[in-house]
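Worksheet: one structure, shown below.
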Amino acid sequence: MDVRKQLDGAAVIAMLLICLVWSSQQVILKETSSNFSPLLLLAFRSGIAALMLAVLMGIQRQRFPIANGMWLVGGLVGLLFSLEYFFVSEAVKYTTAGHVVVFLYTSPIFAAVGLNFAIKDERLSGLQWVGIIFSFIGICVSFSGGFADTTMLKGDFFALLSGLMWGATTVVIRSTRVNQMASRSILLYQLIVSFIFLLIASWLSDNTLFEPSFKNIAALTFQSVVICFVSFLAWFSLLKKYIASQLGVLTFMTPLFGVILGAWLLHETIQNSFVWGANLVVIGIILVTVKSGGIRIFRRRRPL
C-alpha cells in the first residue's frame, strides 16, 4: 500500500524553494520583455526542457505512451498548457508581474468548479462554495483598481484566463485517461506541445524579438533548466512522497513571493484594492482546496 507521509522540515524547505522559483517566472518575463519576446522565451524554454526530460526518460527507460489514443488526450493537456502560457505572455505586456502571478493562481477555483461537474466524488461542499464566492469577490475587488487603467485591466484579464487554462488542465487530467500516465509523461506532452504551439504563435504574431545578451541567455537558461525542468521534477517527486493536499497549501506562498519580488526587483506599485482583493482570493482558494489532510499540518500530531 502506497502511504504518503505527513510534511516534515525537509519538505517545507523544499516547497519554500520551489515556490520562490515559481514566483520568479513572471518577474523574469517582465524584466526581459523589452528585448526578448515573452512568447518566444516561453517557447524556447519548453523546447529545451522537453529535450532534457526526453533524454532523462530515455536513460531511465521510461515509456512515453502514444498508442490507443493516448496521444490525443496527452495533446489536449499540452494544448491547454500552451494556452495557459500564451495568456501569461500576453498578460506581462500590460500588467505587473505581481498581478499576473496572483491571477494565475486562481486556477484551483476553476479546477474545483470543473471537477464538481466532471467527477461525482468531487462535489463541492457548502464551505467550498463559500470559498468560491470569496475568490470571485476578491477578483472583482482586484480588478477595480485597474478600471482607471484599461491597459492594466487588459493584462489582468489575460492573467485570469491563464488561471482558467491551468484549472481546465487539472480537470482534464483528473477526469480522463491522462491520469493513467506517469507524471513525467504528462509533463513531456505539455512541454512538446507548448514548444510547437508557442513557437508558431510567436511567428504568426511577429513576436520574435530576441537580443542575444548575457541577461537574456541567463533568463532563458534559468527558465528552462531551473523552473521548467528541475522545479517541476522536484514537485512531482514531493507529490509521490508526501500528502498532496498538504503540499497544495504551501503553494499559496507563490503569489505572495511573486508580489514581493515584483515590488522589490521591478519597483511595481501595489494598490490597496489589489491587496484586499488578493487576500480574499487566497482565503477563498484555501477554503476550496484545503481539506482535513491539509488542515492537519497545523495540528500537533498525536503520539502513537
Local net charge near Ser23, Cβ-Cβ under 14 Å (Lys/Arg +1, Asp/Glu -1): -1
Interchain or long-range residues, amide H under 5 Å from Tyr242's placed H: Lys5
Candidates Gly277, Gly126, Gly47, ranked by Gaussian network fluctuation over the chain, Cα under 10 Å, top entry: Gly126
Members of Lys120/Lys241; Lys154/Lys215; Lys5/Lys120; Lys93/Lys120 lying beyond 31 Å, as alpha-carbon distances in this model show: Lys93/Lys120
Potential extension, Leu204-Ser144 segment - 0.36 nm per residue separation minus Cα distance: 18.3 nm
Helix runs (DSSP H) in the chain reaching 18 Å along axis by Cα, Kyte-Doolittle at least 1.0: 9-32, 38-59, 70-94, 126-144, 183-204, 272-289
Calculated Cα extents along the principal axes in Å (choose from (1) 60, 51, 37; (2) 93, 41, 31; (3) 56, 45, 39), label: (1)
Leading residue at positive end of dipole, region 1-73 (Cβ point charges), from Pro38, Val73, Ala14: Val73
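We did not get these values from a lab; they are worked out from the coordinates using the rules stated. Values in this document were obtained by computation on a predicted structure and should not be read as measured data. Note that each Cβ is placed from the backbone with ideal geometry, even for glycine, and that neighbours are counted across all protein chains shown.
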